[in-house]
Amino acid sequence: MTTQPTPCPDCARAEQNPDWGGYRAHCPECHARALAQSPAFFYSQNVRRLTHEYQGLLAACVDKDIAVAHERVKAWAERIQQTRQRKRAAQ
């Protein structure tokens, strides 16, 4: 069993509020969270393929593994969407 690393302070805040604007340069989760809200990810999702621009951004992530970084981005995109939907429903 592998243990999850302790989240950075910004990731910990983002777990409560995915719209949190703090990011750490050397944190793979921060990179994923930023990309999850990027136009490159949005366009890539709409065309249902990894565009060259989005692949370049994934390759620049701390992970250096495009597949791992893409899975993190998708997970953050889902969390962000769910949180926003819950906030809208509560209004």
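The values are calculated or read from the model by the stated rules, or taken from the named source; none is laboratory data. No experiment lies behind these values; they were computed from the predicted model shown. Here the Cβ is made from the backbone with ideal geometry for all residues, glycine too, and neighbour counts use every protein chain on show. Please note that ligands, DNA and RNA were not included when accessible areas were found on the heavy atoms of the full protein model with its side chains. Shrake-Rupley method; radii C 1.70, N 1.55, O 1.52, S 1.80 Å.
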Select from the stretch 1-77 those trypsin sites (Lys or Arg not before Pro) which occupy a DSSP coil region and have at most 13 other Cβ atoms within 10 Å, ordered by residue number.
R48, R49, K64
Scattering from the C-alpha atoms of the chain alone, worked out with Debye: what is log10 I(q)/I(0) at q = 0.16, 0.19, 0.20, 0.23 1/Å?
-0.65, -0.89, -0.96, -1.18
Accessible area in square angstrom per residue, the chain, 1.4 angstrom probe:
69
Can you give me the % of accessible surface on the chain that is carbon or sulfur? Probe 1.4 Å, all protein chains present, nothing else counted.
54
